[in-house]
Amino acid sequence: MSPLRMIYLGLAVWGTVHPMYYFITWFRENGFDIMGMMAAWHANAAASGLVWDLTIAAVALTVWIIAEVAVRRNWRALLAIPATFCIGVSCGLPLYLFLRTAPVK
């Protein structure tokens with residue numbers, strides 16, 4: 001595996017573990033309340049701006065993944081879409097780059 005692919009994989013793991021620590025902490029303190037978490041995401045204008053920034057980035061990444069999969073037929077790259085929306089762009093983007101830079105067979 002190339003050093004660049006190892007960096008992408010490391011970033012994908014970090015982008016999974018680090019945000020999940022905060023999500024799990026929030027759920028432990030507040031219970032499994034998705035609506036409450038969404039309300040917390042919009043607690044102020046700065047938080048709302050960040051949520052919209054990440055949402056737009058996630059949609060752009062999804063469009064890019066779908067467009068490239070249609071051309072390259074790298075079906076495994078589609079795994080980055082649920083990773084993006086279930087974990088976050090911090091996991092989905094480096095995961096996609098890791099999957100995209102796999103050696104061509």
Subset of the range 47-75, residues modelled with pLDDT of 95 or more and charged (D, E, K, R), comes to Asp53, Glu68
Here are the criteria: (1) surrounded by 11 or more Cβ atoms within 10 Å (Cβ to Cβ); (2) among the aromatic types (Phe, Trp, Tyr); (3) at pLDDT below 95. Tell me which single one Tyr22 does not satisfy. (1)
Taking the conditions exactly as written (over 22 Å from Lys105 (Cβ atoms) and touching a Gly at 6+ places or on another chain (Cβ under 9 Å)), does Ile7 satisfy them or not? no
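If I ask for residues that are among the hydrophobic types (A, V, I, L, M, F, W, C) and surrounded by 15 or more Cβ atoms within 10 Å (Cβ to Cβ), which ones from the range 86-105 would you list?
Passing the criteria: Ile87, Val89, Cys91, Leu93, Leu95, Leu97, Phe98, Leu99.
Could you list, in sequence order, the residues of the range 11-50 that are small (Gly, Ala, Ser) and touching a residue at least 12 places away in the same chain (Cβ under 8 Å)? Write out each step before concluding.
So the first thing to find is which residues in the range 11-50 are small (Gly, Ala, Ser), and the list is 12, 15, 31, 36, 39-40, 43, 45-49.
Selection gives Ala12, Gly15, Ala40.
Taking the range 61-75, which residues are surrounded by 12 or more Cβ atoms within 10 Å (Cβ to Cβ) and either touching a Cys at 6+ places or on another chain (Cβ under 8 Å) or not acidic (Asp, Glu) (or both)?
Answer for the range 61-75, where residues must be surrounded by 12 or more Cβ atoms within 10 Å (Cβ to Cβ) and either touching a Cys at 6+ places or on another chain (Cβ under 8 Å) or not acidic (Asp, Glu) (or both): Leu61, Thr62, Trp64, Ile65, Ile66, Val69, Asn74.
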Mind telling me which of the residues Leu54, Leu61 ends up being within 19 Å of Pro94 (Cβ to Cβ) and touching a Leu at 6+ places or on another chain (Cβ under 7 Å)? Leu61
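The values are calculated or read from the model by the stated rules, or taken from the named source; none is laboratory data. Note that the structure is predicted; figures quoted are calculated from it, not measured. Note that we place each Cβ from the backbone using ideal geometry, even for glycine, and neighbour counts take in every protein chain shown.
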